[in-house]
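Below: the structure, in structure tokens.
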Amino acid sequence: MTGAAAILHADLDAFFASVEQRDDPRLRGRPVIVGGGVVLAASYEARAYGVRTAMPGGRARRLCPHAVVVPPRMSAYSTASKAVYRIFEDTSPVVEGLSIDEAFLDVRGMEHISGTPAQIAAKLRLRVLEQVGLPITVGVARTKFLAKVASGVAKPNGMLVVPPERELAFLHSLPVERLWGVGPATALKLHGHGITTVGEVARLSERRLVVMLGRASGRHLHALAHNRDRRPVLAGRRRGSIGAQRALGRSSASPDEVDASVIALVERVCGRMRAAGRAGRTVVLRLRFDDYARATRSHTLPCATAQTDAILTTARMLMAATWPDIERRGLTLVGIAVANLENADALQLSLPLDGHDRDALDLVVDDVRGRYGSKAIVRAVLLGRDGRPPPPLLPD
Ligand SMILES: [Mg+2]
């Protein structure tokens, strides 16, 4: 992609927590944690103590004992998101929504109507603050990838324009953790080779990076370190869902047998999502009982994911809630679908459920299956039913 820096990445700051601080003046300037179980959002005052999204609530409260913990108010967040999207769509005809609180806007060719990209970005920030009462950060660059990096660097409540001639100097000075797809495991590997900045990554050949990190990760990082990203901003959100289902041989399957089916289905669905570059927020469980009656249960996550473990945890939770029904009525078919799909390219890449780099693991599994077939890697839990206790329902 050539031309001027005219792609905006607009991202609300600590979205859920900012809505709480907006609506309750007593929370302003104080550390706020939304969600008591797992942290759904943390205000910047709480982040200063190391509190992060998706962290177990107990750990968050130990890090920041004086934080105010509030329950989530999803309808308030949804209303705020819609108001912000109206401003996005009023700003440019080309808006690509990434999630409830962030979007790409293409403002090329709007100079005569709305001003320079920097002026458009500044006005957008002012309107969101005045009309919705929320802080938003905007990164402006020539590519989507770099616009997203710029907003990350400018957060919170900031704005950063990366002019084309400054791109590589800006990118190469950053720590490797700023690149998409570099989770804790990849960062650790790179650090092990003495590599801490994007500039140091850029000096390595693609071949060397592939040897170090595996094919998918190596190629991905090589392209990003040279700011190669040709994806255009795609207006509108593609909708739909990706799902799979399986008939059960007999209606009196044991919990372990049903769980094995759920695992296999989730793996298939997540593999397809990742192959299509999609991620989703809503996990749907479909059941058919012995008497042909059907039931549907769903749960919506705070952010989109294509990670097998995150989707599996949710599917198991839905299954556990329905289990008494299943035992009573007999189950003959189980289906898993993920809906509320979004493009996966600029999503929050990892939901660190337990500190491991799940994205990297998923990529490796997909890669091996792509080359050697779907049976090349099988979860240990599917290999044999030897009376071991089933895996835990939820992460700690
Ligand atoms: Mg955000």
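The values are calculated or read from the model by the stated rules, or taken from the named source; none is laboratory data. Because the structure is predicted, anything quoted here is derived from the model rather than measured. Glycine gets a Cβ as well: all are built from the backbone with ideal geometry, and neighbour counts include every protein chain shown. Surface areas here come from the heavy atoms of the whole protein model, side chains and all, with no ligands, DNA or RNA. Shrake-Rupley method; radii C 1.70, N 1.55, O 1.52, S 1.80 Å.
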Counting only protein heavy atoms and leaving out ligands, DNA and RNA, the solvent-accessible surface of residue 127 at a 1.4 Å probe, in Å² to the nearest 10, equals 50
Amide H contacts under 5 Å for residue 278, restricted to residues at least 5 apart in sequence or on another chain and with H modeled in the peptide plane, are 344
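What percentage of the solvent-accessible surface of region 77-188, computed with a 1.4 Å probe over protein heavy atoms, is contributed by carbon and sulfur atoms?
Numbers: 2620 of 4610 Å².
That share works out to 57 percent.
Which percent of the accessible heavy-atom area of region 9-59 goes to carbon and sulfur, probe 1.4 angstrom? It would help to have the intermediate numbers written out before the result.
On the way: 960 of 1910 Å².
Answer for region 9-59: carbon and sulfur cover 51 percent of the accessible area.
Sort 267, 177 by accessible area with a 1.4 Å probe, largest first.
Details: 267 30, 177 85 Å².
Of 267, 177, the descending order of accessible area is 177, 267.
So which trypsin sites (Lys or Arg not before Pro) in region 250-347 pass both tests, a DSSP loop state and at most 11 other Cβ atoms within 10 Å of the Cβ? Walk me through the numbers before you get to the answer.
On the way: sites: 250, 268, 272, 274, 278, 281, 286, 288, 294, 297, 316, 328, 329; in loops: 250.
Within region 250-347, the qualifying trypsin sites (Lys or Arg not before Pro) (loop, at most 11 other Cβ atoms within 10 Å) are 250.
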Taking Cα atoms only, Rg over Rh for region 1-163 with Rh from the Kirkwood formula is 1.01
The FRET efficiency for residue 228 and residue 89, from their Cβ-Cβ distance with R0 = 41 Å and rounded to 0.05, is 0.90
So, relative contact order of region 173-225 in percent, Cα under 8 Å, 6 or more apart, is 36
Rounded to the nearest 10 Å², the accessible area of residue 296 using a 1.4 Å probe with every protein chain kept is 80
Counting only protein heavy atoms and leaving out ligands, DNA and RNA, the solvent-accessible surface of residue 317 at a 1.4 Å probe, in Å² to the nearest 10, equals 60
Here region 171-186 yields Karplus 3J(HN,Hα) values (6.51, -1.76, 1.60; θ = phi - 60°; whole Hz; Gly and Pro given as x) of 4, 6, 7, 7, x, 4, 4, 6, 7, 4, x, 8, x, x, 5, 5
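Could you sort 70, 338 by accessible area so the largest value comes first, with the probe set to 1.4 Å? Before the final figure, lay out the partial values.
Numbers: 70 20, 338 0 Å².
The residues order as 70, 338, largest area first.
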For residue 123, counting only lysines whose alpha-carbon sits under 22 Å away and dropping same-chain residues fewer than eight positions off, the answer is 82, 144, 148, 155
